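Contents: one structure, followed by commentary.
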Amino acid sequence: MGRVYNFSAGPAVLPEEVLQEAAAEMMDYKGCGMSVMEMSHRSKEFDTIIKEAEQDLRDLMNIPDNYKVLFLQGGASQQFSAIPMNLMKNGVADYIVTGQWAKKAYQEACRYGKAVKVASSEDKTFSYIPDCSDLPIDEDADYVYICENNTIYGTKFKKLPNTKGKPLVADVSSCFLSEPVDVTKYGVIYGGVQKNIGPAGVVIVIIREDLIRDDVMEGTPTMLKYKTQADADSLYNTPPCYGIYICGKVFKWIKKQGGLEAMKERNEKKAKILYDFLDQSKLFKGTVVKEDRSLMNVPFVTGDKDMDAKFIAEATAAGFVNLKGHRTVGGMRASIYNAMPIEGVQKLVEFMEKFEKENA
Ligand SMILES: Cc1ncc(COP(=O)(O)O)c(C=O)c1O
């Protein structure tokens, strides 16, 4: 079997060029006689890999000098604890709960201090983003937390919340590098890379320097302290070397495509093809209010479980894989990250049109 169109929500499709380059360098990385998997994280070669990766990410996102870039492990989920442990100076934080991931982050923060749910869209199965223009932000809040793109439900903050001067902390796991971003609007931007950037095992944390403190919550593990990682330039211990190497290649691939403006244009084009089809379809229907639709994750349903299952089975057989929706939503979900080519979405829509005719 050749390559399929992989609509997985994560780990997800990577650019073919990147995979080919990695394959070519597998046995002998740039004449050093070994794979990147086999080399010391203290070697000259790896030093160049991680420094270039950081610089390319800084270039792509236009990250100001007063922000640190950390390449860590533990996935996005470990940040659910690291964030309150490092940032809850007053012991208070406000959470906007727009899906399972934000909810998990909120629940974890409750273990460490007073986490307040200041807004939620749980009343309508997280199918929209609540109005966040005038929330009751706590005067003592150390930060306001959002999950910017909700992978499971397919919603995205099109406008950042008014945090009333408090630092904004955002989980961008499923929209990382999908469009330009103004880093200065955030205190912390973080995400697991396994959706839009690289293989599972790396989480990137971009954090404003004044939020990196020594006097973190008592009991915070050394490894979870941002200061430990920042002081050591992500090399306090062995980092996820191979994952960082692939991320670095993806950064270069995005640069070659024209950077984040080009990504946005491409992603809007892809999402439009799918949403336009859903909006006129008599069989399939999107599950999210139009104005909050994600460019990355597109959930849809037929309204009939058996028909959903039939569609998923036939789509899989035709080479469109991982279209099953999250178990809490049901139906289907097409994740169309940066590396999904436009023709992947065009062909999926052609397939859906054909399926609709056959099952009218
Ligand atoms: C938005 C978001 N946050 C957090 C996670 C959890 O990431 P991890 O598995 O890296 O802990 C995911 C997905 O898997 C996600 O989509």
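The values are calculated or read from the model by the stated rules, or taken from the named source; none is laboratory data. Just so you know, these numbers come straight off a predicted model, no measurement behind them. Heads up, the Cβs are rebuilt from the backbone with ideal geometry, glycines too, and the neighbour counts pull from every protein chain shown.
Residues are listed down the side, and each one gets a yes or a no for (1) buried (at least 24 other Cβ atoms within 10 Å of the Cβ); (2) touching a Phe, Trp or Tyr at 6+ places or on another chain (Cβ under 9 Å); (3) assigned by TED's automatic domain parsing to the domain that holds residue 203:
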| site | (1), (2), (3) |
| --- | --- |
| 64 | no, no, yes |
| 83 | yes, yes, yes |
| 120 | no, yes, yes |
| 125 | no, yes, yes |
| 132 | no, yes, yes |
| 164 | no, no, yes |
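Reported count of residues in the range 128-150, each being more than 21 Å from residue 92 (Cα to Cα) and within 16 Å of the ligand (Cβ to nearest atom), is 3.
If I filter the range 61-71 for residues that are within 16 Å of the ligand (Cβ to nearest atom) and within 27 Å of residue 179 (Cα to Cα), do I get at least one hit? Quick ask: steps written out before the conclusion?
As a first pass, look at the range 61-71 and keep what is within 16 Å of the ligand (Cβ to nearest atom): 70-71.
Subset that is within 27 Å of residue 179 (Cα to Cα): 70-71.
Yes, because at least one residue in the range 61-71 is within 16 Å of the ligand (Cβ to nearest atom) and within 27 Å of residue 179 (Cα to Cα).
Going by the conditions given, is residue 29 aromatic (Phe, Trp, Tyr), surrounded by 17 or more Cβ atoms within 10 Å (Cβ to Cβ) and closer than 23 Å to residue 213 by Cα?
Criteria not met by residue 29.
Of the residues 321, 298, which single one is outside the structural domain of residue 176 (by TED's automatic domain parsing), within 20 Å of residue 5 (Cα to Cα) and in contact with a helix residue (DSSP H, G or I) (Cβ under 6 Å, 6 or more places away or on another chain)? Among 321, 298, only 298 is outside the structural domain of residue 176 (by TED's automatic domain parsing), within 20 Å of residue 5 (Cα to Cα) and in contact with a helix residue (DSSP H, G or I) (Cβ under 6 Å, 6 or more places away or on another chain).
Cβ-Cβ distances below 7 Å connect the following pairs, each with a first residue in the range 167-180 that is within 16 Å of residue 103 (Cα to Cα) and in contact (Cβ under 8 Å) with a residue 24 or more places away in the chain, a second residue that is of a type in the set (Phe, Trp, Tyr) and more than 10 Å from the ligand (Cβ to nearest atom), and a separation of six or more residues or different chains: 169/143; 169/145; 170/186.
Go through the range 196-227 residue by residue and tally those that are of a type in the set (Ser, Thr, Tyr) and surrounded by fewer than 14 Cβ atoms within 10 Å (Cβ to Cβ).
Result for the range 196-227: 1.
Among the residues of the range 1-34, those identified as under 24 Å from residue 234 (Cβ atoms), in a loop (DSSP other than H, G, I, E, B) and in contact (Cβ under 8 Å) with a residue 12 or more places away in the chain are 10, 11, 12, 14, 15, 32.
If the condition is being touching a strand residue (DSSP E or B) at 6+ places or on another chain (Cβ under 8 Å) and away from the ligand (no atom under 16 Å from the Cβ), then the range 72-107 contributes 87, 91, 92, 93, 94.
Only residues that are within 20 Å of residue 337 (Cβ to Cβ) and part of a strand (DSSP E or B): list them for the range 299-325, please.
Within the range 299-325, the first condition is being within 20 Å of residue 337 (Cβ to Cβ), and the residues that meet it are 299-300, 312, 315-316, 319-325.
Hits for the range 299-325 are 299, 300, 320, 321, 324.
For the range 151-172, taking the residues that are in contact with a Ser or Thr (Cβ under 7 Å, 6 or more places away or on another chain) and assigned to a loop (DSSP other than H, G, I, E, B), the one that is farthest from the ligand (Cβ to nearest atom) is identified as 162.
Could you run through the range 227-249 and say how many residues are touching a Leu at 6+ places or on another chain (Cβ under 7 Å) and in a helix (DSSP H, G or I)?
The total comes to 2.
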